[in-house]
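The values are calculated or read from the model by the stated rules, or taken from the named source; none is laboratory data. Predicted model, so just to flag it, every value in this text is computed and none were measured. Virtual Cβ from ideal backbone geometry, glycine too; neighbours counted across all protein chains shown. Note: accessible area is taken over every heavy atom of the protein model, side chains too, but ligands, DNA and RNA are not part of it. Shrake-Rupley method; radii C 1.70, N 1.55, O 1.52, S 1.80 Å.
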Amino acid sequence: MLIKKLSFSVLIVSLFLFGCANQAPKNETKANTALQSATELSFREFYKLPIGPNGLEPTAKLLSLKDKRVHLQGFMVKAEEPVAGIFMVTLVPVNIPEKEDGPSDDLPGATVFVHMPLEDSEKILAFRPGAWDLVGTLQLGAMDESNGRISYVRLLLDQAPVQGAVE
Amino acid sequence: MKNRNPLLGFVIAGILAAGADCASALTISRLTPPSQLFATNGATSSPMISRFIQGQRFDLQATVRPDAGKTITSVEFKIDGVSVGVANAAPAAGVKTSLVSATAITATAPGSVSASVRGYSNLVAGVRTLTAEATQSDGTKVTATGSFEIVGITQAGRKVKNVIIMLGDGMGASHRTAARIVQNGYAQGKANKKLAMDSFTNTAMIMTASLDTQVTDSAPGMANYVTGNKANSGQEGVWPDDTSDAFDGPRMEYMSEFLARTQGKKLGIVTTADVFDATPAANAIHTSNRGNGTGIVDQFLDDSLRTNLTVLMGGGRKWFLPSGTTFGNGFGGTSFTGSARATGSDYTLSADIQAGWNAAAGAIDTSRNLIADFQTAGWTYAADHTALANAGTPAKLLGLFSLSNMNIAKDKMDGRRGVFPTTSATTTIVQDYGFPDQPMLDEMSTKALQVLDANSPNGFVLMVEGASIDKQAHEMDSTRFMVDTIEFDKAVQKAKDYVDGTGDFAGHAHPDTLVYVTADHECAGAAIIGASKKTDAALQTEIATSGNTVSAVAATLGQPLLRNNVVGTYAEAGFPKYTIAADGYPEAWDPDNKLLIGYGANADRYEDFRTRPYPSNDSQQPGNSVAPLNAYPRNNVGDTSMSSSRPYQLSDGYFITGQVPGTQAVHTGGDIPLTAYGRGAGELGGTIDNTDVFFAVMKAVVGGTTK
């Protein structure tokens, strides 16, 4: 798998980097600590594959991680009309052209809705391409989201992702 | 035309001056069906906007704004001076008229109402005058006048029994040409072979505008073909209105509904998109919001006895799965099905619509297991290609092959070939999505034709959509839209085989079938600009070498090197050669000297000319901590001052400034080609409006044809 080939050494910043880019060494230590306390979860471990005639079936591993800290690696969904406080991450790069197609989309079933911390819930996170490392608390079950979609797996972040200093 | 009794014409000027925005002037601000006569207050009746064949149903509707402090008590509708209904009460069971609050405008125009007569039809050919007369609570009256045409059909020739609409979404002339070059190649200036859609006997150019814009979206783009009338952006089978309910818009009858009602014909809908998407839905569903998936798919079943829907295939399983807490997989009562069913996109219909259209009431039922309901209603359900192949020819067939849109033809073929998207990947894209066994569109089309043929003694209407021609043109993904066009053309061949009794239908010709290939609109302004001057190996080297750098040579200072070194135009373009594999698709997506596409309606993008590993442009490099650019990406012309500050997105080629805002290429308003084959094909020709196609086809189906 593409993402698994990526070395952790290049994942300079996790969600637990507090502060600016010039604090990287200190934050890297915190990030590593956070990663160590989180269970690795692959998007392919969300549901039984291939997906069956009656829809998604969660795996025992996914169910066992309810309300637990997990580490996910995936791609931020490029939304044409992003909303504040949440963004979607999945296992392959995906664009969703809501203006033209609405909820007729190419989202894989294993999509996680990432919720920003309360203090950042009014912010819209800028899209960045590439593979993201995310650590947070896993929440399960159907829920209406503010982007009009229904989520089944959510990741509740403790800290908003740091996107690095603007050049 | 509006005038207020008893002052008549003297008040016209006053009403015009006040306009629709005046909240205190008694006026009829909307009269449906739309007409130029009403829109110009009687100044002109040309062009004729709303047209119907004899007996085709449609709704009459008026929005009335009262004087301040007054209410509207009734609205009477007259055709050529003869009353056809008085709307004076809220919807009631068995009553086709209604008077309801115009909820979308009451905040600015208090007391406004929407008055309707549902399911009206007229058998008398010619231009008819529609008058609405509204009465206010103080007895004051206001009238408005519009017009519509009933198009007469004469009985002559042999009738078309089956209609097959092959709809290449977003497919303009260049999309077709690109597919031909890739699939068949050229020799000494001539195509080695035509596409199936090229081989059709008759051709027309189609004007694609919708009611409200020169550049249509897919909802009216499809609906206009099969209702004979113009609809607004995002709307399917309805005209605009002034209520906030997405399912109560004034309706016009679809070709499928009319032919089911009057001739007992069956309906098939096949798409590579989510089945609720605009094009499939705009053959049978009436809603002003194309995004209301729950209500749309519910109506497919709820009204299937009225539409005679017999085949429904595509993606979109997420709308058919139960949502909510009442259905789950044994975990805390919560649902993990992947259902997208939501209250906000579900539907109910008012009593007047039920009465006028014999339509189901609908329900807000997000926990509905729609797959089970289809099966209970006698439908066979196929969830993948294998199940589809083993389904035989059931009475009714439901195929749902993915949660939303099906994967793109290129990615489905890579799945069948076992090709991974990158050298480091260990799974195919269709495996990543969890649907490794999806059918190709031609396989779906053959099955649809077999099922319809076996169950339609009176004929059928089948719409087959190649959806991702459009979706990938939006993404400016040249390989994927071209391969989807090739997939679509293979489906076209199946329809031609059905007519001729060849291929999958060998020995069973169906000469009374009309097939036409068309598009709802063009997408992206796609243009064949030339071909790569490089072998693929050399192109990869060039990408690595030139990347996003620019020329330092005076004559081409600041121009992107990758572009200048790769794009061959005119004679340098030559004729790209793609080798076709045994499975019928190009052996390599990036052959030497590959075909190159430009986009006239493009958004900002990066170009490196090679096929993207995934159906989304992404660096696939670590994304954390990557800073947003410190400025809008620069143009590549003479701007070298920012080279040290990384003005480009790395690894994605050079930057091309978009013609349009946003991240997606857009539809364009140019005419698109239509080709036709079989009985009645000769009815289609010239440069015509998309609504003209409806009348030409219905003439051949209802009245017969010698062409």
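Restricted to the stretch B:18-31, and to residues there that are more than 27 Å from the chain's Cα centre (by Cα) and outside any loop (DSSP other than H, G, I, E, B), the residue that is modelled with the lowest pLDDT is B:Ala18. Taken together, B:Ala134, B:Ala173 contain a single residue that is among the small types (Gly, Ala, Ser) and more than 28 Å from the chain's Cα centre (by Cα), which is B:Ala134. Screening B:Thr334, B:Thr343, B:Thr422, B:Thr428 for residues that are surrounded by fewer than 23 Cβ atoms within 10 Å (Cβ to Cβ) and modelled with pLDDT of 95 or more leaves exactly one candidate, B:Thr428.
Only residues that are assigned to a strand (DSSP E or B) and surrounded by fewer than 17 Cβ atoms within 10 Å (Cβ to Cβ) were counted in the stretch B:528-544, giving 1. Of the residues A:Thr39, A:Thr33, A:Thr59, only one is at pLDDT below 90, more than 8 Å from chain B (Cβ to nearest Cβ) and either in contact with a Leu (Cβ under 6 Å, 6 or more places away or on another chain) or open to solvent by 10 Å² or more (accessible area, probe 1.4 Å) (or both); which? Going through A:Thr39, A:Thr33, A:Thr59 in turn, the sole match is A:Thr33. Selection of strands (runs of 3 or more DSSP E) fully inside the stretch B:32-116 by the criterion of at least 3 residues being open to solvent by 40 Å² or more (accessible area, probe 1.4 Å) and modelled with pLDDT of 95 or more returns B:72-79, B:82-87. When you go through A:Gly130, A:Gly74, A:Gly136 one by one, which is the residue that is in contact with a strand residue (DSSP E or B) (Cβ under 8 Å, 6 or more places away or on another chain), farther than 25 Å from B:Thr366 by Cα, away from every other protein chain (no Cβ under 11 Å) and open to solvent by less than 10 Å² (accessible area, probe 1.4 Å)? The match here is A:Gly136.
Scan the stretch B:377-390 and report the pairs whose first residue is more than 13 Å from every other protein chain (Cβ to nearest Cβ) and whose second residue is surrounded by fewer than 20 Cβ atoms within 10 Å (Cβ to Cβ) and among the small types (Gly, Ala, Ser), with Cβ atoms within less than 7 Å and a gap of 6+ or a chain change. Here the result reads B:Gly378/B:Ala395, each pair linking the stretch B:377-390 to a residue that is surrounded by fewer than 20 Cβ atoms within 10 Å (Cβ to Cβ) and among the small types (Gly, Ala, Ser).
Scanning the stretch B:278-290 for residues that are within 14 Å of chain A (Cβ to nearest Cβ) and either assigned to a strand (DSSP E or B) or over 15 Å from B:Ala519 (Cα atoms) (or both) yields B:Ala281, B:Ile285, B:Thr287, B:Ser288, B:Asn289, B:Arg290. Condition first: hydroxyl-bearing (Ser, Thr, Tyr) and either part of a loop (DSSP other than H, G, I, E, B) or out of contact with any helix residue (DSSP H, G or I) (no Cβ under 8 Å at 6 or more places or on another chain) (or both). Can you find one or more residues in the stretch A:113-128 that meet it? For the stretch A:113-128, residues hydroxyl-bearing (Ser, Thr, Tyr) and either part of a loop (DSSP other than H, G, I, E, B) or out of contact with any helix residue (DSSP H, G or I) (no Cβ under 8 Å at 6 or more places or on another chain) (or both): present. One residue is enough: does the stretch B:432-441 have a residue meeting the conditions at positive phi, surrounded by fewer than 24 Cβ atoms within 10 Å (Cβ to Cβ) and within 12 Å of another protein chain (Cβ to nearest Cβ)? Taking every residue of the stretch B:432-441 in turn, at least one turns out to be at positive phi, surrounded by fewer than 24 Cβ atoms within 10 Å (Cβ to Cβ) and within 12 Å of another protein chain (Cβ to nearest Cβ). So which residues in the stretch B:367-409 are closer than 20 Å to A:Pro103 by Cβ, in contact with a helix residue (DSSP H, G or I) (Cβ under 6 Å, 6 or more places away or on another chain) and either outside the structural domain of B:Gln299 (by TED's automatic domain parsing) or open to solvent by 10 Å² or more (accessible area, probe 1.4 Å) (or both), if there are any at all? Result: B:Leu403, B:Asn407.
Please go through the stretch B:678-707 and pick out each residue that is closer than 27 Å to B:Gly525 by Cα and in a strand (DSSP E or B). Answer for the stretch B:678-707, where residues must be closer than 27 Å to B:Gly525 by Cα and in a strand (DSSP E or B): B:Gly686, B:Thr687, B:Ile688, B:Asp689.
I'd like to know if the stretch A:146-154 contains one or more residues that are surrounded by fewer than 17 Cβ atoms within 10 Å (Cβ to Cβ) and among the aliphatic types (A, V, I, L, M). Scanning the stretch A:146-154, I find no residue that is surrounded by fewer than 17 Cβ atoms within 10 Å (Cβ to Cβ) and among the aliphatic types (A, V, I, L, M), so the answer is no.
For the stretch B:410-419, a residue qualifies if it is surrounded by fewer than 21 Cβ atoms within 10 Å (Cβ to Cβ) and touching a residue at least 40 places away in the same chain (Cβ under 8 Å), and the qualifying residues are B:Arg416, B:Arg417. Scanning for something in contact (Cβ under 8 Å) with a residue 40 or more places away in the chain, outside any loop (DSSP other than H, G, I, E, B) and more than 28 Å from the chain's Cα centre (by Cα), does the stretch B:505-526 turn up at least one residue? Within the stretch B:505-526, one or more residues are in contact (Cβ under 8 Å) with a residue 40 or more places away in the chain, outside any loop (DSSP other than H, G, I, E, B) and more than 28 Å from the chain's Cα centre (by Cα). Checked against the criterion of being surrounded by fewer than 22 Cβ atoms within 10 Å (Cβ to Cβ) and either within 14 Å of chain A (Cβ to nearest Cβ) or of a type in the set (A, V, I, L, M) (or both), the stretch B:464-477 has no qualifying residue.
Residue-by-condition table, conditions (1) away from every other protein chain (no Cβ under 14 Å); (2) at pLDDT below 90:
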site	(1), (2)
B:Arg610	yes, no
B:Asn617	no, yes
B:Gln621	no, yes
B:Arg634	no, yes
B:Val637	yes, yes
B:Tyr648	no, yes
B:Gly653	no, yes
B:Gly669	yes, no
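Put simply, of A:Val92, A:Val70, A:Val83 the only residue that is without any contact (Cβ under 8 Å) to a residue 60 or more places away in the chain, outside any helix (DSSP H, G or I) and either closer than 30 Å to B:Pro220 by Cβ or not basic (Lys, Arg) (or both) is A:Val92.
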